[in-house]
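Presented below is the structure to which this report refers.
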Amino acid sequence: MDRDADRLQEVRTSDLNESRLNEDFVHWLRTRGVWWATGIVLAVAVYFFVVGQRQRAADERSQAWRDLAVAALPESLEDVARQHADTDAISSLARLRAATVMLDAVRRNRPVGADLLAGLDAAAANETLSDEERSTYLERADRLFEEVAATDDGTLATTLAVHNALMGRAAIAEALGEGEQARTLYERAAARAETDYPVLAEQARERAETAERYAAVAGLPDQQSATQVRRAVAPRNRAAVMPALEPYLPGGPDEDGDDS
């Protein structure tokens, strides 16, 4: 009997403890539980928000590089530069490419996009640039190079883009016969690359030393006279600039006079 009484007392004590625990838990839920639950929900929401933001940023970055890869015309490249101004170096790369496209058009004496239209319009295959169009292309290219140079923040990340932009502007000035302006720009390009790319700086300085002499004979010739100019001057060390500028500079790649 004593054993049964002890057992009954244990059961009653256990039930009482459980009852007290339940009451304490209910009280905790009514007081602090709501805030804890709210905090947990908010933490989960913040987590998924951060993950979503990172995913969206990654998607936007990928889209920016895709847009740059598929853009071909200067107008579309400038749109890419504006739309993705805060993504990596997209803006500078797009502007450098747009300037290169226009310089290449002047070099070939063909309007931008003429090759794309040649298959649809027979007249487009033989279309050439007018003097006004050539000047407009060069002005736009120079403006784009200047915009890239204006993004310089003095860091290593912008060194190459700014150096190429300054070299591009200098090459345009040299091709237009503006020797003093070309020399100044070459010197700026050399100073910008001096710390991180001394070889490029040395090449720019070499160009600065001869800019006025070559600008005097270069000018902006048409296709036929451009070949004669390149034959008339001595070859020079080539700088690390946009490839489309090379044929405009004395001592260009087609020294044998073949522009085909």
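Since every read-out is calculated from the coordinates, none of them should be taken as a lab result. Remember, predicted model here, so these are calculated numbers, not experimental data. Virtual Cβ from ideal backbone geometry, glycine too; neighbours counted across all protein chains shown.
The packing ranking of peptides 36-47, 70-81, 181-192, highest mean first, is 181-192, 70-81, 36-47, where packing means the average number of other beta carbon atoms within 10 angstrom of each residue.
Among Glu209, Glu147, sorting on how many other beta-carbon atoms sit within 10 Å of each Cβ, with the fewest leading, yields Glu209, Glu147.
Among Phe49, Phe145, a tally of other beta-carbon atoms within 10 Å of each Cβ gives an order, fewest to most, of Phe49, Phe145. As a proxy for reagent exposure, Ile90, Ile172 were ordered by neighbouring Cβ count within 10 angstrom, fewest first; the result is Ile90, Ile172.
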